[in-house]
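Student: There's a structure below that I have some questions on.
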Amino acid sequence: MSIAMLLDMAVDGFGDRIVVGSRDRGISAARLRELSVAGAAAIREAGADSVVYLAVNGPAFPVAMFSAARAGVPLVPVNYRLGREQLDALLANHSRALGIADPSQAETLERAGLAVVSPEEWIRTLAASTNTDCDDDAVDTDAPAVVIYTSGTTSAPKGVLLRHENLTSYVFGSVEFASAEETDAALVSVPPYHIAAVANVITNLYAGRRTMVLEQFTPEQWLDTVRREEITNALVVPTMLARIVESDADKSVPSLRSLAYGGAPMPAKVIERALRMWPETGFVNAYGLTETSSTIAVLGPDDHRSALAGDDEAVRARLGSVGQVVPGIDLEIRDFDDRVLEPGVTGRICVRGDQVSAEYAGVGRMVDERGFFDTRDQGYVDEDGFLFVGGRVDDTIIRGAENIAPAEIEDVILRHPDVLDVAVVGVPDDEWGQRIEAAVVLRAGAAVETDELRAFVRDSLRSSKTPDRVVYWDELPRTETGKLVRRHVVERLVGQDRSAKV
């Protein structure tokens, strides 16, 4: 089944309901289909084999997604924050694409030889079109629906192929059709090149929930939009929630029933403060990857509340988990010899299921003989099936003969009342192979002695896990979705170290 069929189902079920944009000027399900039919015809007339989207999120994004699906070509949302060389290399893979770009990015697509239209012009042209010639039956539903390039936090971006089957399997396994009230509205605060943006378009549409996008995030604007648009469901990344709870703005959000977060580790003190601030809101921690078509594990509202209020240490610890796997996903924790590990033992998180793509452009599917995909994330499952994620396998610090997880040290440092953010990495060392260094962001006006912070870590962890050096920065290099770009931290620390020796 094509993802365009999800839109067709929505039209049949609630065609007049506004599903994209604001309450006053939004697009109904029926109008979204009309625009996507016209868009598919335009794509075919152009002879395009894909649609490159190099713009901020907004109404043009779902129109482009469903237009591409009807035309039988993939949508390729591109990270507009990439450097020129990375963008040029990426766009060389899509030389026959139709380009949709913000005016500031038009030259980038033109340099790649693509025809370019702005998001506003794209919508305006389709709205005026009378072309309804689109043969949905000709669409190969086994073809890629979306190509998302990974963020490149550790290497060059790779194109992940998400086929129609992967995305529809995710929707059918996680959402009940037309389950939302007509007044329900979701606020999405992630860029279009993130898997969560794609997943929110199709899941909210299938549920019958209006989706609104916040293009530029500030805590004040987010809070104001939630109140003005009477948002019932929202999605943020951990850095956004941290800024919201730290803000001095009016934090009343009477309409907000559900707040989902994910994309990066959530500091315990941030989520605990948010839970106490909005006790009537149901919090959801969603863990997933681009390669898995979004969420594969969920910590739901009841889990959050019981963890916050519980006396049992094991139950309270679940607030640091990502919950239990969703239906349709098989999960195994394995060691480096591919042996399945017992509950409580940390290893590699491996998953399989119909929503798992695990497929890269030019490479193919990266699964084993049993269909399992190695996420390259480390973690363990407790006795009750709650999954705890401990960072990337590639991030592991090897100091001497000891493997050390940066996340374990970061969790301790973040408990210090004066610390706002932290990154712990391994830096090359002649004696130990790697030494542990921490880049710390302090709260405004705070001052912490390095020896005090190292002692703070040593009180909780053994001395071999205490940072050898601590530096203080104004901010850490993170993507828009809050992921730490560790290689940039290492590069800067190594550069600082060399400067100090000159």
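What follows is calculated from the coordinates using simple rules that are stated; it is not laboratory data. All values derive from a computational prediction rather than experimental measurement. We place every Cβ from the backbone using ideal geometry, glycine too, and count neighbours over all the protein chains shown.
Student: Show which aspartates and glutamates lie in cross-link reach of Lys251 when reach means a straight Cα distance below 16 angstrom and same-chain residues fewer than eight apart are skipped.
Tutor: Excluding near neighbours in sequence, the set is Glu220, Asp224, Glu229, Glu230, Glu272, Glu280.
Student: I'd like the FRET efficiency for Asp429 and Thr130, computed as 1/(1 + (r/R0)^6) with the beta carbon distance as r and R0 of 56 Å, rounded to 0.05.
Tutor: Once rounded, the FRET efficiency stands at 0.25.
Student: Still on this structure, please answer the following. From the Cα trace of the range 13-117, what convex hull volume per residue do you get, rounded to a whole Å³?
Tutor: Per residue, the Cα convex hull of the range 13-117 comes to 95 Å³.
Student: Considering the options Thr290, Asn57, Pro279, tell which one lies farthest towards the positive end of the dipole of the chain, charges being +1 on Lys and Arg and -1 on Asp and Glu at the Cβ, about the Cα centre.
Tutor: Asn57
Student: Now for a separate question. Take Ser321, Ser104, Ser306, Ser293 and order them by how many other Cβ atoms sit within 10 Å, fewest up front. Spell out each step's value before the answer.
Tutor: Working: Ser321 23, Ser104 11, Ser306 14, Ser293 32.
Fewest-to-most Cβ neighbours within 10 Å comes out as Ser104, Ser306, Ser321, Ser293.
Student: Starting from the amide H of Tyr472, placed 1.01 Å from N in the peptide plane, find each other amide H under 5 Å away whose residue is 5 or more places distant or on another chain.
Tutor: Answer set, sorted by chain and number: Val440.
Student: Treating only the Cβ of Lys, Arg, Asp and Glu as charged (+1, +1, -1, -1), what charge dipole size does the chain show about its Cα centre? Round to the nearest 20 debye.
Tutor: 800 debye
Student: Which of Asp224, Asp430 has the fewest other C-beta atoms within 10 Å, and how do the rest follow up to the most?
Tutor: So the residues, fewest neighbours to most, are Asp430, Asp224.
Student: If you wrap a convex hull around the C-alpha atoms of the range 273-312 and split its volume per residue, what is the figure in Å³?
Tutor: Cα convex hull per residue, to the nearest whole number: 82 Å³.
Student: Moving on to the next point. Which stretch or stretches of the range 223-240 have amide N atoms under 11 Å from the point lying 7 Å from Arg23's Cα along the Cα→Cβ direction?
Tutor: 227-232
Student: Given H placed on each backbone N at 1.01 Å, which residues far from Gly391 in sequence or on other chains put an amide H within less than 5 Å of it?
Tutor: Gln378
Student: Report the antiparallel proportion of the DSSP beta bridges in the chain as a percent, rounded to a multiple of 5. Can you show the working numbers first?
Tutor: Working: 45 of 76 bridges.
Of those bridges, close to 60 percent are antiparallel.
Student: Report the far tail of the P(r) of the range 282-343, meaning the percent of Cα-Cα pairs longer than 20 Å.
Tutor: Within the range 282-343, distances greater than 20 Å cover 41 percent of Cα pairs.
Student: Helix 450-460: angle to the longest alpha-carbon principal axis of the chain, degrees 0 to 90, nearest 10?
Tutor: Computed tilt is about 90 degrees.
Student: Kindly write out, for the range 7-24 in residue order, the coupling ³J(HN,Hα) from the Karplus curve 6.51 cos²θ - 1.76 cosθ + 1.60 (θ = phi - 60°), rounded to whole Hz, with x marking Gly and Pro.
Tutor: Coupling constants for the range 7-24: 5, 4, 5, 4, 4, 5, x, 7, x, 7, 6, 5, 10, 9, x, 6, 4, 7 Hz.
Student: Further question: How charged is the neighbourhood of Ala314? Take every other residue with its Cβ under 10 Å from the Cβ of Ala314, and add Lys/Arg as +1 and Asp/Glu as -1. Don't skip to the answer; put the middle values down first.
Tutor: On the way: positive: Arg316, Arg318; negative: Asp312, Glu313, Asp382, Glu383, Asp384.
Once positives and negatives cancel, what remains is -3.
Student: Convert each backbone phi in the range 339-355 into a coupling constant with the Karplus relation 6.51 cos²θ - 1.76 cosθ + 1.60 (shift: θ = phi - 60°), then list the ³J(HN,Hα) values in order as whole Hz, x for Gly and Pro.
Tutor: Ordered by residue, 3J(HN,Hα) equals 7, 6, 9, 6, x, x, 9, 7, x, 7, 7, 10, 9, 8, x, 4, 7 Hz.
Student: What is the order of Val381, Val448, fewest Cβ neighbours within 10 Å to most?
Tutor: Val448, Val381
Student: Tell me the angle of helix 486-501 to the major Cα principal axis of the chain, expressed in degrees between 0 and 90 and rounded to the nearest ten.
Tutor: 40 degrees
Student: Would you mind calculating the relative contact order of the range 1-123 from Cα pairs under 8 angstrom and at least 6 residues apart, reporting the percent as a whole number?
Tutor: Here the relative contact order equals 23 percent.
Student: Using a cut-off of 17 Å between alpha-carbon atoms, which aspartates and glutamates can reach Lys465, once sequence neighbours fewer than 8 places away in the same chain are excluded?
Tutor: Reachable aspartates and glutamates: Asp395, Glu402, Glu408, Glu410, Asp411, Asp429, Glu431, Glu437, Asp451, Glu452.
Student: With contacts defined as alpha carbon pairs under 8 Å and 6 or more residues apart, what's the relative contact order of the chain in percent?
Tutor: Over the chain, the number comes to 10 percent.
Student: What does DSSP give for the range 396-501 in terms of the percent of beta bridges that are antiparallel, rounded to the nearest 5?
Tutor: On the way: 14 of 18 bridges.
For the range 396-501, the DSSP antiparallel bridge percentage is about 80.
Student: Quick one: what does P(r) look like for the range 327-393 with 10 Å bins over all Cα pairs, in whole %?
Tutor: 21, 51, 25, 3
Student: May I pose another question? Hey, with R₀ at 22 Å, roughly what FRET efficiency would Ser460 and Glu272 work out to, going by the Cβ-Cβ distance, to 0.05?
Tutor: The calculated FRET efficiency here is 0.80.
Student: On to the next question. Quickly rank 36-43, 323-330, 175-182, 436-443 as a protection proxy: mean count of other C-beta atoms within 10 Å, highest first. Intermediate values should be presented prior to the final figure.
Tutor: Values: 36-43: 24.2, 323-330: 17.4, 175-182: 15.0, 436-443: 20.9.
So the peptides 36-43, 323-330, 175-182, 436-443, ranked by packing, come out 36-43, 436-443, 323-330, 175-182.
Student: Once you charge only the Cβ atoms, +1 for Lys and Arg and -1 for Asp and Glu, what is the size of the charge dipole of the range 396-501 about its Cα centre, to the nearest 20 debye?
Tutor: Result for the range 396-501 is approximately 200 debye, rounded to the nearest 20.
Student: Ok, one more. Calculate how steeply helix 195-207 sits against the longest principal axis of the alpha-carbon atoms of the chain, using the helix alpha-carbon long axis, and give the answer as 0 to 90 degrees to the nearest 10.
Tutor: For 195-207 against the chain, the angle is about 50 degrees.
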